[in-house]
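See below for the structure under consideration.
The values are calculated or read from the model by the stated rules, or taken from the named source; none is laboratory data. Remember, predicted model here, so these are calculated numbers, not experimental data. Because the Cβ atoms are built from the backbone with ideal geometry, glycine has one as well, and the counts that use them run over all protein chains shown.
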């Protein structure tokens, strides 16, 4: 964790001083990226209603209920840029943070690079949404029910309802305070996040039946565009489902590689129940957490090379566990 003294006050002062604020997050937005950025926007406008605040990036249709996104304003003079849930400039959606002098990074990924003027990195935090919640509570910023719902969505998504190891005592303490202050409807939130159309349930069945598993417990599935069309799902669907395969005894590491015809790449989502995978993801042009990472690759040969490296990591992990 890279934590500077009085980081909360430093971030608060920058927000208070700025008239125009742009909030960005990583490409391929998930609920934490959206929850942290849209939740932060809501907190800012609830406390400073005269400020202009824009959350930018490509929309994610599946998570549109979290909030609407904005277009990047034309005039970027004297703006404050806040980037949430993103460790490096390559993955920021819609803007290059290196071109904005007045900038802040709020991120829970392991350190990759310095890209903003002020950076708060806490890789022990469960989510960027937890960090935004912590910032608000530490600086006495008012959190409305609307803001609280967005942050809670991001937090429970990245912890998979508090099941992942990133969940700790601080997580529960902050959530307890959030529930006390906002009275959010958690049943409604869970329904919105986990309710799925029947076509996705059928597609999950397809995934279950077609995973290939190596001798060293790496499960992988390459999904082509014609299969997506057959089940009438989009390229983001397999990655959104990957946590559903967390408790399969025969898999320590599992991967989905989904063809994205529009971009001419495969979306790679990687999860682990023990072996550290983010270094392998970084080797193949991606990154992420030690147990949850991803990348984009162009060919099946590159995918199989990734699988080979993950297989070696899983083998080493198993051998160490047995020794």
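Tabulated results
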read-out: Criterion violated by residue 168 - all others in (1) at pLDDT below 95; (2) buried (at least 23 other Cβ atoms within 10 Å of the Cβ) satisfied; value: (2)
read-out: Residue within the range 26-43 that is buried (at least 16 other Cβ atoms within 10 Å of the Cβ) and in a strand (DSSP E or B) present; value: yes
read-out: Unmet criterion (only one of (1) within 20 Å of residue 271 (Cα to Cα); (2) modelled with pLDDT of 95 or more) for residue 133; value: (1)
read-out: Given (1) closer than 21 Å to residue 136 by Cβ; (2) touching a helix residue (DSSP H, G or I) at 6+ places or on another chain (Cβ under 8 Å), number of the condition residue 6 does not satisfy; value: (2)
read-out: Criterion: out of contact with any helix residue (DSSP H, G or I) (no Cβ under 9 Å at 6 or more places or on another chain), closer than 22 Å to residue 298 by Cβ and either in the same structural domain as residue 291 (by TED's automatic domain parsing) or in a strand (DSSP E or B) (or both) - qualifying residue of 263, 228, 221; value: 263
read-out: Residue 146 vs. criteria in a helix (DSSP H, G or I) and either in the same structural domain as residue 24 (by TED's automatic domain parsing) or modelled with pLDDT of 95 or more (or both); value: yes
read-out: Leading residue by the ranking (nearest to the chain's Cα centre (by Cα)) among those in the range 114-125 that are modelled with pLDDT of 95 or more and closer than 19 Å to residue 293 by Cα; value: 125
read-out: Unmet requirement for residue 251, which otherwise passes all of (1) within 21 Å of residue 163 (Cβ to Cβ); (2) surrounded by fewer than 19 Cβ atoms within 10 Å (Cβ to Cβ); (3) at pLDDT 95 or above; value: (2)
read-out: For residue 87: the one exception among (1) within 19 Å of residue 135 (Cα to Cα); (2) modelled with pLDDT of 95 or more; value: (2)
read-out: Residue match in the range 152-161 (condition: assigned to a loop (DSSP other than H, G, I, E, B), out of contact with any helix residue (DSSP H, G or I) (no Cβ under 6 Å at 6 or more places or on another chain), over 20 Å from residue 13 (Cα atoms) and outside the structural domain of residue 271 (by TED's automatic domain parsing)); value: yes
read-out: So residue 85, is it assigned by TED's automatic domain parsing to the domain that holds residue 126 and surrounded by 20 or more Cβ atoms within 10 Å (Cβ to Cβ); value: yes
read-out: All positions within the range 300-311 that are in contact (Cβ under 8 Å) with a residue 12 or more places away in the chain and farther than 18 Å from residue 238 by Cβ; value: 305, 309, 311
read-out: Every residue from the range 92-104 that is under 14 Å from the mean Cα position of the chain (by Cα) and buried (at least 20 other Cβ atoms within 10 Å of the Cβ); value: 92
